[in-house]
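The values are calculated or read from the model by the stated rules, or taken from the named source; none is laboratory data. This structure is a prediction, so every number in the text was calculated from the model and none was measured. Here the Cβ positions follow ideal geometry from the backbone for every residue, glycine too, while neighbour counts run over all protein chains shown. SASA here: full protein model, heavy atoms, side chains in, ligands and nucleic acids out. Shrake-Rupley method; radii C 1.70, N 1.55, O 1.52, S 1.80 Å.
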Amino acid sequence: QVQLVESGGGLVQAGGSLRLSCAASGSIFGISVMGWYRQAPGKQRELVAAISKDGNTNYADSVKGRFTISRDNAKTTVYLQMNSLKPDDTAVYYCAATRFGRNYWGQGTQVTVSS
C-alpha cells in the first residue's frame, strides 16, 4: 500500500502562486509515476502534471509555462509550483502514484483562485 498526503492548498487571488506538496509513504519501492490531478465542480478529473521515476515530466496544455512539477532527491515527495493562477484553476487537487500498475490517490486539497 502507498499512502499519499497532500498539503499546500488554499485561497489565492488571480495572478498569485501556491505550492502543493505530496508525501508518499508505505510501499514506495516500485512507484513509477507520481503526479497531480484536479477536479472542478461538475467536471471530470483531469491530469495536471506528472513526473516519472526517470524524471520525465508531462503537463496539461492549460498549465504549461505556469506550473512546474518536481520532486525531492529521495523521490518520496513531489511538488507542484503553481504560478500565474487563474480562476479556472480552482479545483480539488489530488496527488496520485502508480506502482506496479495500480493507482493510489491522496485525499485531495482545495485550491481556490479568486478573480
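Can you list the HN-Hα couplings for segment 14-30, worked out from phi with the Karplus curve (6.51, -1.76, 1.60; θ = phi - 60°), rounded to whole Hz and with x for Gly and Pro?
4, x, x, 10, 9, 10, 9, 10, 9, 9, 9, 8, x, 7, 7, 4, x
Lys/Arg Cβ at +1, Asp/Glu Cβ at -1, dipole of the chain taken about the Cα centre: which of L18, Q81, V33 is farthest positive-ward?
Most positive-ward Cα: V33.
Per residue, how many Å² of accessible area does the chain show with a 1.4 Å probe? Present the calculation step by step, with values, prior to reporting the outcome.
Working: 6130 Å² over 115 residues.
Here the per-residue accessible area is 53 Å².
Ignoring ligands, DNA and RNA, how do I69, I28 rank by accessible area with a 1.4 Å probe, largest first? Mind dumping the intermediate values first?
Working: I69 10, I28 65 Å².
Correct descending sequence by accessible area is I28, I69.
Determine which aspartates and glutamates satisfy two conditions relative to K64: a Cα distance under 15 Å, and not lying fewer than 8 residues away in the same chain.
K64 reaches E46, D88, D89.
Can you check what the net charge comes to around V78, using other residues whose Cβ is under 13 Å from the Cβ of V78 (Lys, Arg +1; Asp, Glu -1)?
+2
For the chain, which whole percent of the accessible surface, found with a 1.4 angstrom probe, sits on carbon and sulfur atoms? Walk me through the intermediate numbers first.
Numbers: 2880 of 6130 Å².
Using a 1.4 Å probe with all protein chains present, the chain comes out at 47 percent carbon and sulfur.
Relative to the Cα centre, what is the charge dipole magnitude of the chain, using +1 at the beta carbon of each Lys and Arg, -1 at the beta carbon of each Asp and Glu, and rounding to the nearest 20 debye? Intermediate results must be reported in sequence, preceding the final value.
Numbers: 12 positive and 7 negative charges, 30 e Å.
The dipole of the chain has a size of about 140 debye.
Ignoring everything but the protein chains, give the 1.4 Å probe accessible area of R45 in square angstrom, nearest 10.
90
Restricting to the chain, what percent of DSSP beta bridges are antiparallel, rounded to 5?
On the way: 41 of 45 bridges.
Bridges in the chain are about 90 percent antiparallel.
Check each of the chymotrypsin sites (Phe, Trp or Tyr not before Pro) in segment 1-109 and keep only those in coil by DSSP with at most 10 other C-beta atoms within 10 angstrom; list them in order.
Working: sites: F29, W36, Y37, Y59, F67, Y79, Y93, Y94, F100, Y104, W105; in loops: F29, F100.
Passing sites in segment 1-109 are F29, F100.
In what sequence, largest accessible area first, do K43, K53 appear using a 1.4 Å probe? Write out the running numbers ahead of the final one.
Working: K43 135, K53 115 Å².
So the residues, ranked largest to smallest area, are K43, K53.
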